[in-house]
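*Asks:* This structure is in structure tokens; I'll ask about it shortly.
No lab work stands behind these numbers, since they all come straight from the coordinates. Computed from a predicted structure; not experimentally measured. Positions of Cβ are backbone-derived with ideal geometry, glycine not excepted, and every protein chain shown enters the neighbour counts.
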Amino acid sequence: MHLVLAAAGASSAFGAPDQEYLFQARQMQALSFAAHIPLVCFGIAFPAFVVFVEWLHLPTGDPVYRVLARRWSKVMLPLFAVGVVTGTILSFER
């Protein structure tokens, strides 16, 4: 209850929020969520795929598994970076 009163007091101190761009702001945040959530889910699961393919290389010795794991490991850094950037953008869209 105290937080509601504090929020009400804060809005009156700075004036009423401009409602004209509220719908556009929500659309922009929804677009950011739509890009961020799949990237993060894939970025969390992707290292497990790389470890699994690397593990397949160990008993079989098939060089295809090793090459695949090395290529996928090069994709993990940009995937992580894009997830961080979209998450940072989301933190400022409030």
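*Asks:* What are the ³J(HN,Hα) values, in whole Hz, obtained from phi via the Karplus relation 6.51 cos²θ - 1.76 cosθ + 1.60 with θ = phi - 60°, for each residue of the range 29-43 in sequence order, with x given for Gly and Pro?
*Replies:* 5, 5, 5, 5, 4, 4, 7, 6, 4, x, 4, 5, 4, 5, x
*Asks:* Fewest Cβ neighbours within 10 Å first, please rank Tyr65, Tyr21 accordingly.
*Replies:* Working: Tyr65 18, Tyr21 10.
With the sparsest Cβ surroundings first, the list reads Tyr21, Tyr65.
*Asks:* Fewest first, what order do Trp55, Trp72 take by the number of other Cβ atoms within 10 Å?
*Replies:* The order, fewest Cβ neighbours first, is Trp55, Trp72.
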